[in-house]
Amino acid sequence: MKHVIIGTAGHVDHGKTELVKALTGVDTDRLAEEKKRGITIDLGFARLDFPDGSCASIVDVPGHEKFIKNMLAGAGGVDLAMLVVAADEGFMPQTVEHLDILQLLGVKDGLVVLTKTDLVDEDWLRMLEEDVKSRVRGTLLQEKPILRTSVRTGEGIGQLRDALHDLTLHAGEKSARTPSRLPIDRVFSVDGFGTVVTGTLIDGHIAVGDEAQLMPRGNKCRVRNLQVHGRDAAAVYAGQRAAVNLAGVKKENISRGDVLCRPDSMQPTLMLDVKLQNLPDSKRIIESGSRLHLYHGAAVRLAKAVLLDRDALRPGESCYAQLRLSEELAARQGDRFVVRFYSPLETVGGGVILDEQPYRHKRNDARVLALLAVRESGSDEARLVQAVGERGAEGMTLLDLAVRFDEPEEKLTETLAALCARGKLVEIAPSRYLAASVLDGLWASCEMMLAKYHREHPLHAGMRLAEARQRLLHGKAQENADAILACFVREGKLALTAERCALTDFSIHLTRRQSAIRAELLCACRAAGILGKKQDALCALFDKKDRVECARVLESLLSTGELVLLAPGLCVEKGVLAAVGARVKAWFETHDALALGEFRDALGTSRDHALLVLEYYDRRGVLRREGDVRRPGARFGELQK
């Protein structure tokens, strides 16, 4: 089912709340002060039912200029606008400001409602309708219906309900695929239930029992119960107004403007890269460095506007800017926002967020401006490449991209394959992508790192893999690091063993004396069999003058794997260990388990030494210990390698 939010807008005392009551039967003024003063102060909500069984939610916003902050808290999730104009007054200052705000927030559709039509005559109404048409020209309400109503006589209420139903049927459906997000506009406690928050779910879905997170603080909590317009629900979906009963968090730790979201799906930020617009009818110039009030979702923050390509933004102009915030905010790319002048407090503009986690930019940086241009209006392919590139060595998966761009995976697969074929992206592992430029940069660093290592350690077979991962990829997940290194191997640039990596054109070159020492060391270790030889004992085979060279050659043999450390300082020749491995492998062809005593007898050695060999296999994952026996481990297939 499609879920749609209809938002009222218009000047104070133009009849918005009475109109909602006539449509729904609900008085959205819930505060005692609202009833006493006869004006809406805070947000109100009602369910609008249609004859076909479908429904929509109405958000009733205050019209007084003092409560614009509250109006903006409810306008963020609006799909359809209902601009209310009193027939006896016409367009007023807050009518204009509310219409500007709807434009800035990207509301796409709606209608105009003339209220109190029973107070004026036909000639006045016709003149007013012409005035309204001229006022909404160039806005989302251009050419939209203008309906006459009177809550006192009932005129036009039925026609308005039908018109809203038609708009609802044609409204776009929000995605339930993206991670859930609910900007919080109310927080309160209910006896016996605890903390409750309300808001419009603008992304994804939430179900009872789900884990959730409150941003920007980061507190984790759990969804205990859900309601939609006072009715319990097992789940709520994007486009619905919801009351969410939370477990694990106190009311005092939540504020209006916080965001309830899927855990780890958002990060707090103190900076936003934006496309900033100054309204055509604004009376202010926004200078670089100006302080503004930023309204995003239900949150308000003070922000310093750093204009990235000019010194001042004049009425009717737009530019790229970085907003530096006084307090952390949770936002996503593509979100829209409104800014009001610092003093006097009036709406001057707004825009769209292009990057919610940017670096601090210098002004007039052509590279930054070009990247922001792609974010704003680049082709789908360019935006894909940019998104993947910005994640660096971490890359992005197909699922990451499907969520980021709200596109089916099947559709993205074709585009990604084309980008890989053109060399823009590289699929380093199934459904995981890196930008080719990032991979090229990683290889340049890898090549430089290994070339230096080979110069400093010419007798080593290469750098240890663990060290290479750490130095090149700075602690990235091993799976991702290994996929990148494997990509270099496929490209013929890197030689990789289980333990080490080296440039493909590297080889060990021994002097004649080093070659002789190598042969003698291997011969001594072969003769020792599975008992092996201590490193000190091997070095003692040579004169004092050769012991330095012996240590170097010994280290080289260990790096190539020709000698293996069975235990610290104890060397076994690779072929000897392979022969033992063949016997172990043959044993498990007819047995399920191997006991220490059985292995000792098979080797014809001591119990302690047999245990040493088994523990070596345990460490490598070739065998796994279960009580007093060993069974094949995860890497059993590597036994004879």
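A Cβ distance below 6 Å, combined with a sequence gap of six or more or placement on separate chains, defines the contacts here; from the range 385-396, residues that are in contact (Cβ under 8 Å) with a residue 40 or more places away in the chain and on the phi > 0 side of the Ramachandran plot reach residues that are open to solvent by less than 40 Å² (accessible area, probe 1.4 Å) and in a helix (DSSP H, G or I) in the pairs G392/V438.
The rows are residues; the columns are (1) closer than 20 Å to R552 by Cβ; (2) not small (G, A, S).
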residue: L412; (1), (2): no, yes
residue: A421; (1), (2): no, no
residue: P430; (1), (2): no, yes
residue: Y433; (1), (2): no, yes
residue: A444; (1), (2): no, no
residue: M449; (1), (2): no, yes
residue: V489; (1), (2): no, yes
residue: S507; (1), (2): yes, no
residue: Q514; (1), (2): yes, yes
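Residues that are out of contact with any Phe, Trp or Tyr (no Cβ under 7 Å at 6 or more places or on another chain) and surrounded by 24 or more Cβ atoms within 10 Å (Cβ to Cβ) were ranked within the range 61-72; the one that is modelled with the lowest pLDDT is G63. Applying the criterion of being part of a loop (DSSP other than H, G, I, E, B) and touching a Leu at 6+ places or on another chain (Cβ under 8 Å) to the residues of the range 331-357, the residue that is most open to solvent (accessible area, probe 1.4 Å) is Y342. Output the qualifying pairs, or none if there are none: Cβ atoms under 8 angstrom, residues six or more apart or on different chains, first residue in the range 290-304 and in a strand (DSSP E or B) and modelled with pLDDT of 95 or more, second residue open to solvent by less than 30 Å² (accessible area, probe 1.4 Å) and polar (S, T, N, Q). Final answer for the pair search is K304/S290. Only one entry of A46, A56, A75 meets the criterion of being closer than 21 Å to L141 by Cβ, in contact with a strand residue (DSSP E or B) (Cβ under 8 Å, 6 or more places away or on another chain), at pLDDT 70 or above and open to solvent by less than 10 Å² (accessible area, probe 1.4 Å), and that entry is A56. So, in the range 252-297, of the ones that are of a type in the set (D, E) and surrounded by fewer than 17 Cβ atoms within 10 Å (Cβ to Cβ), which residue ends up farthest from Q322 (Cα to Cα)? Among those residues, the one meeting the criterion is E252.
Return the only residue of L503, L496, L473, L510 being within 25 Å of G423 (Cα to Cα) and open to solvent by 30 Å² or more (accessible area, probe 1.4 Å). So that I can check it myself, show each step before the final result.
Values: L503 fails: open to solvent by 30 Å² or more (accessible area, probe 1.4 Å); L473 fails: open to solvent by 30 Å² or more (accessible area, probe 1.4 Å); L510 fails: within 25 Å of G423 (Cα to Cα).
Exactly one residue qualifies, and that residue is L496.
Here D592 fulfils each of the conditions (1) part of a helix (DSSP H, G or I); (2) more than 30 Å from R512 (Cβ to Cβ); (3) open to solvent by 30 Å² or more (accessible area, probe 1.4 Å) apart from (1). Residue-level check: of (1) open to solvent by 30 Å² or more (accessible area, probe 1.4 Å); (2) modelled with pLDDT under 90, E447 misses just (2). Residues in the range 208-222: is at least one surrounded by 16 or more Cβ atoms within 10 Å (Cβ to Cβ), out of contact with any Asp or Glu (no Cβ under 7 Å at 6 or more places or on another chain), closer than 30 Å to D52 by Cβ and at pLDDT 90 or above? The answer is yes, given that some residue of the range 208-222 is surrounded by 16 or more Cβ atoms within 10 Å (Cβ to Cβ), out of contact with any Asp or Glu (no Cβ under 7 Å at 6 or more places or on another chain), closer than 30 Å to D52 by Cβ and at pLDDT 90 or above. Note on the range 549-576: among residues that are closer than 18 Å to A527 by Cα and acidic (D, E), the one that is least open to solvent (accessible area, probe 1.4 Å) is E573. Say we look at the range 398-414 and pick out the residues that are crowded, with 16+ Cβ neighbours inside 10 Å and not hydrophobic (A, V, I, L, M, F, W, C); which of these is nearest to D440 (Cα to Cα)? Out of the qualifying residues, it is D400. Within the option set G529, G462, being open to solvent by less than 30 Å² (accessible area, probe 1.4 Å), more than 30 Å from S606 (Cα to Cα) and of a type outside the set (A, V, I, L, M, F, W, C) holds for one residue only, G462. Can you tell which of D123, D100 is under 16 Å from T8 (Cβ atoms) and either at pLDDT 95 or above or among the charged types (D, E, K, R) (or both)? One residue alone meets the criteria, D100. For the range 470-579, the strands (runs of 3 or more DSSP E) that sit wholly inside it and include 3 or more residues that are within 27 Å of R455 (Cα to Cα) and under 49 Å from the mean Cα position of the chain (by Cα) are 494-496, 500-503, 563-567. For the range 302-330, name all the residues that are surrounded by 19 or more Cβ atoms within 10 Å (Cβ to Cβ), among the small types (G, A, S) and farther than 26 Å from V96 by Cα. If the condition is that a residue be surrounded by 19 or more Cβ atoms within 10 Å (Cβ to Cβ), among the small types (G, A, S) and farther than 26 Å from V96 by Cα, then A330 is the only one that fits. Just one of the listed residues (G204, G194) is buried (at least 20 other Cβ atoms within 10 Å of the Cβ), out of contact with any Leu (no Cβ under 6 Å at 6 or more places or on another chain) and on the phi > 0 side of the Ramachandran plot, namely G204.
Among the criteria (1) touching a strand residue (DSSP E or B) at 6+ places or on another chain (Cβ under 8 Å); (2) more than 27 Å from G627 (Cα to Cα); (3) among the charged types (D, E, K, R), the one D592 does not fulfil is (2). Remark: T17 matches the filter, which requires a residue to be within 17 Å of L147 (Cα to Cα), at pLDDT 85 or above, touching a strand residue (DSSP E or B) at 6+ places or on another chain (Cβ under 9 Å) and polar (S, T, N, Q). Check whether at least one residue in the range 616-623 is in a strand (DSSP E or B), surrounded by 15 or more Cβ atoms within 10 Å (Cβ to Cβ) and over 47 Å from the mean Cα position of the chain (by Cα), and report yes or no. No, there is no match, as no residue in the range 616-623 is in a strand (DSSP E or B), surrounded by 15 or more Cβ atoms within 10 Å (Cβ to Cβ) and over 47 Å from the mean Cα position of the chain (by Cα). Taking the range 232-244 as the range and being surrounded by fewer than 18 Cβ atoms within 10 Å (Cβ to Cβ) and within 19 Å of D191 (Cα to Cα) as the test, only D232 passes. From the list R630, R583, the one residue that fits, being at pLDDT 90 or above and either surrounded by 12 or more Cβ atoms within 10 Å (Cβ to Cβ) or not β-branched (V, I, T) (or both), is R630. When restricted to residues that are more than 15 Å from K493 (Cβ to Cβ), touching a residue at least 40 places away in the same chain (Cβ under 8 Å) and not in a strand (DSSP E or B), the range 424-456 contains 3.
The values are calculated or read from the model by the stated rules, or taken from the named source; none is laboratory data. Predicted model, so just to flag it, every value in this text is computed and none were measured. Here the Cβ is made from the backbone with ideal geometry for all residues, glycine too, and neighbour counts use every protein chain on show. Accessible surface is based on the protein model in full, side chains and every heavy atom, while ligands, DNA and RNA are left aside. Shrake-Rupley method; radii C 1.70, N 1.55, O 1.52, S 1.80 Å.
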